[in-house]
Amino acid sequence: MELTPIVSVKNLKFSYPKREVLQGIDFELYQGEVVSLLGANGCGKSTLIRLILGLIKGKGEIKIEGKELHKYSSKEIASHIAYIPQYHNAPFNYSVLDMVVMGRVFKLGLFASPSKNDFEIAHKALKSIGIASLADRAFGELSGGQKQMVLLARALTQEAKTFIMDEPVSGLDYGNQMRLLEMIKHLSSEGYTFLKTTHYPDHAIMVSSRIVVMDEGKIIANGSSDEVITSEILKDIYDIDAKIITHDSRQLCIPIFKESR
């Protein structure tokens, strides 16, 4: 039996009044995948994500689990897909636990307050991410890496199985970048699905089951890291020279700098 993709995009186009952003995107995301969208600034990665989330409208077809996107309410979309933004400062200095419980908003009625069960789910999410000790800390006092982990825990409380992340390691130090990527890999092994944008070929190689490369509003490559991450592709999208090497059975991307004279 043919699998139904979690997300299916066909001939998707989007334009601003004086600029075409997406030029007919065809894309599918299947359960259990970690898919990285790779490409230079302005290539259309973030626009594609916003379209899939229903935040903006384009031309073409978007389906979630076989059903057209426009037939879903925002609450219904949230039951399937959780969006995890880059870490941010909340307008109020909520506790970490309160921030995580906010992931239950789509499960609650309009004027309902979180129940004991909602808080238990939030505590469980914090524990599964490994940050239960932060529950009573003020969110605004955390490091960037800790904030990103809190937002990941908040997505878990939403009880969606698919996570969309827009440049999740942006602004994080090297250690927190690696810890976040390791957590993505761990959660994918438990059956969660990820679609994330990135500027880092090495990060895409580390955690992705599939890499999709975008350039000027089009998909120019779609496949495994062995198939997709090449010197030619990196030259095309970033205009840099780089060598792809294999070390301990893993690919590494080594930029080649021009010698100064």
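Just so it is clear, none of the values below were taken in a lab; they were calculated from the coordinates. Every value quoted in this text rests on a predicted model; they were computed, and no experiment measured them. Note that each Cβ is placed from the backbone with ideal geometry, even for glycine, and that neighbours are counted across all protein chains shown.
Quick look at the numbers
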quantity	calculated
Whole-percent pair-distance distribution, where bins are 5 Å wide, for the alpha carbons of the range 134-261	2, 9, 17, 20, 18, 14, 10, 6, 3, 1, 0, 0
Kirkwood Rh and Cα Rg combined as Rg over Rh, evaluated for the range 1-87	0.95
Intensity falloff of the range 52-206 expressed as log10 I(q)/I(0), Debye formula with alpha-carbon point scatterers, at q = 0.10, 0.21 Å⁻¹	-0.37, -1.45
Cα-centred dipole magnitude for the range 1-58, charges only on beta-carbon of K, R (+1) and D, E (-1), debye, nearest 20	440 debye
Estimated FRET transfer efficiency when R0 is 25 angstrom, pair residue 143-residue 41 (beta carbons, to 0.05)	0.45
Cα-based helix-to-principal-axis angle, 144-157 vs the chain, degrees rounded to 10	60 degrees
On Cα atoms only, tilt of 116-129 relative to the major axis of the chain in degrees	30 degrees
Neighbourhood net charge (15 Å Cβ-Cβ; Lys/Arg +1, Asp/Glu -1) for residue 67	-1
Listed pairs 18/63; 45/75; 75/161; 18/235 exceeding 18 Å between Cα atoms	18/63; 45/75; 18/235
Highest-first arrangement of 140-152, 69-81, 242-254, where packing means the average Cβ count within 10 Å	140-152, 69-81, 242-254
Size of electric dipole in the range 110-261: Cβ of Lys, Arg +1 and of Asp, Glu -1, about Cα centre, debye, nearest 20	400 debye
Computed FRET value (nearest 0.05) for residue 186 with residue 232, which takes r as the C-beta separation and R₀ as 25 Å	0.15
Residue 70 paired with residue 57, simple spin-label distance in nm, labels 7 Å along Cα-to-beta-carbon	0.6 nm
Residue-span extension gain [residue 80 to residue 240] - 0.36 nm each, minus C-alpha spacing	53.8 nm
Charged-residue dipole, Cβ positions (Lys, Arg, Asp, Glu), the chain about Cα centre, Debye nearest 20	700 debye
Sequence-separation-based contact order of the chain, relative, with Cα cut under 8 Å and 6+ spacing, percent	25 percent
Residue-span extension gain [residue 258 to residue 127] - 0.36 nm each, minus C-alpha spacing	42.4 nm
Residue among 108, 22, 48 with the largest mean-square fluctuation in a Gaussian network model of the chain, springs linking Cα atoms under 10 Å	108
